[in-house]
Amino acid sequence: MNNFTFHNPVRVYFGDDKLQELPDLVKEFGSKVLLVYGKSSIKRMGLYDKVVDLLQSNNIDIVELSGIDPNPRIESVREGGELCKKHDIDLVLAVGGGSVIDAAKGIASAALYDGDPWDFYSYKVQSEGALPIGTILTLSATGSEMNRGSVVTNLKTKQKHGWGSPYTYPKFSILDPRNTFTVNQHQTGCGIVDSLTHVYEFYFSKNDNYLNNRICEAIMKTVIHYGPQAIDNPENYEARANLMFGSTLALNGLTGFSNTWDGFNHTTEHVLSAYYDIAHADGLAILGPHWMNYILDESNVQKFKEFAINVWEVEDRGTDMEIAKRGIQAVFDFYQSIHMPTQLSNVNIDDKEFDEIASYATRYGESVGRFKELSKDDVLQILINAK
Ligand code: NZQ
Ligand code: ZN
């Protein structure tokens, strides 16, 4: 086991009716919130009314910022930061999925910064503080509710960058599985793939650790078990609950306390989304199994065999390589069974920008990925295989 420091300060309030805790939680930080949300889902499902009623009946003032896009834009972060300054906001309250929460983290940081918040996402400056952030999660996917990461897109520069600071951990997150009953088939599939990818980007680690691997397997098996049930029956509480906390645990530090993050899938996917504005997990579903096929070789076949048997319950029969390949095929089959794309053509992406995408994915050096270091040419080949 590698040395590590584990620190996660987010307070999670999980379960039915946990929303009732909201006024007391907000009051720990003040009496004026910036309520940040997306386009229309929280109004359609009745959550907006519940949140507003609870806040108003407890004398908490509300300023609103709505319309946060999936793949949130830097423009929303700028606007939110200005609203916080203008209205002397005490807490930024995100009600939504990862995009809304990520935008809220940028907004809370922009509120205490005089420059352009894109400076954070382009790594020009590190922030020196942020307003407190609270979240009410409505979509199980990113883990943003229990981590410090914030991914924001600058469409003008074709950049989608992840950033975070010690101040961008939410102070509290309210997770009621019922708030995910209205998530449609595609977004549920996206959440399943995003959670699985978060975990396997730590599972495929060169110096992996036994306990870390078993934690990863438990989360992946849970998501694989309950994902299809949530798709078939969107109001299955137990399925939604397992997906919800599974996706939270997938990226809150627990899956990578000792194992190292590979990073190929997320780094390359963020470039794809920046160019084509596709859903994050559509990109991940396409890249993941093609990446596995490309990197599998004699040096890592044991790890893929472990993945096949322990996660996908592939029969321990035949050569190691045959078992490993059947495991990768199981990933393809599972993604297709939950109606997720596995080829770029499924989301109307052709090969025009492949060269630029491969260059940008390897911008931090000669390669991307740690489990297997991949050059620009390798990335290009994976994109071609995924065409
Ligand atoms: O805008 P509204 O109307 O709210 O609709 C949203 C949106 O269209 C809808 N939705 C959310 N909750 C719903 C619902 N529809 C019905 N019922 C509900 N209860 O779902 C759509 C997608 O929402 P979004 O927030 O974009 O999805 P997700 O949670 O998957 O977030 C994706 C973003 O997070 C980033 C991604 O790159 C992407 O930008 N990530 C953030 C990470 C982090 N902070 O740690 C890590 C991830 O790897 C990821 O990169
Ligand atoms: Zn992700």
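The values are calculated or read from the model by the stated rules, or taken from the named source; none is laboratory data. Predicted model only: the values in this text are computed from it and were never measured. Positions of Cβ are generated from backbone atoms using ideal geometry, with glycine treated the same way; all protein chains shown enter the neighbour counts. SASA here: full protein model, heavy atoms, side chains in, ligands and nucleic acids out. Shrake-Rupley method; radii C 1.70, N 1.55, O 1.52, S 1.80 Å.
Structural remarks
- First in the stretch 56-82 and touching a residue at least 40 places away in the same chain (Cβ under 8 Å), second anywhere and part of a helix (DSSP H, G or I) and acidic (Asp, Glu), Cβ under 6 Å, 6 or more apart: Pro72/Asp102
- Meets criteria (closer than 23 Å to Val183 by Cα, more than 16 Å from ligand 2 (Cβ to nearest atom) and of a type in the set (S, T, N, Q)) for Asn242: yes
- Output for the stretch 150-163, where each listed residue is free of Cβ contacts under 8 Å to residues at least 60 places away in the same chain and open to solvent by 10 Å² or more (accessible area, probe 1.4 Å): Lys156, Thr157, Trp163
- The number of residues in the stretch 1-59 that are assigned to a loop (DSSP other than H, G, I, E, B) and touching a Ser or Thr at 6+ places or on another chain (Cβ under 8 Å) comes to 8.
- You will find that of Ser109, Ser122, Ser127, the residue that is over 28 Å from Leu254 (Cβ atoms) and either away from ligand 2 (no atom under 16 Å from the Cβ) or in contact with a His (Cβ under 7 Å, 6 or more places away or on another chain) (or both) is Ser122 and no other.
- Pairs with Cβ under 7 Å, 6+ apart, first in the stretch 236-247 and polar (S, T, N, Q), second surrounded by 20 or more Cβ atoms within 10 Å (Cβ to Cβ) and not in a helix (DSSP H, G or I): Ser247/Ser140; Ser247/Ala141; Ser247/Gly143
- Any hit, the stretch 236-259, residues being of a type in the set (Asp, Glu) and either within 15 Å of ligand 1 (Cβ to nearest atom) or surrounded by 18 or more Cβ atoms within 10 Å (Cβ to Cβ) (or both): no
- Counting only residues that are open to solvent by 70 Å² or more (accessible area, probe 1.4 Å), closer than 15 Å to Ser273 by Cα and assigned to a helix (DSSP H, G or I), the stretch 330-354 holds 1 of them.
- Residue within the stretch 291-308 that is open to solvent by less than 10 Å² (accessible area, probe 1.4 Å) and within 16 Å of ligand 2 (Cβ to nearest atom) present: yes
- Scanning the stretch 98-146 for residues that are on the phi < 0 side of the Ramachandran plot and within 15 Å of ligand 1 (Cβ to nearest atom) yields a count of 27.
- Residues of the stretch 355-387 that are farther than 16 Å from Ser273 by Cα and touching a His at 6+ places or on another chain (Cβ under 9 Å): Ile382, Asn385.
- Residue match in the stretch 165-185 (condition: within 14 Å of ligand 2 (Cβ to nearest atom) and outside the structural domain of Met220 (by TED's automatic domain parsing)): no
- Residue list for the stretch 123-146, filter: within 16 Å of His266 (Cα to Cα) and either open to solvent by 10 Å² or more (accessible area, probe 1.4 Å) or in a loop (DSSP other than H, G, I, E, B) (or both): Ala141, Thr142, Gly143
- Residue in the stretch 171-190 that is nearest to ligand 1 (Cβ to nearest atom), counting only those that are of a type outside the set (S, T, N, Q) and in contact with a helix residue (DSSP H, G or I) (Cβ under 6 Å, 6 or more places away or on another chain): Cys190
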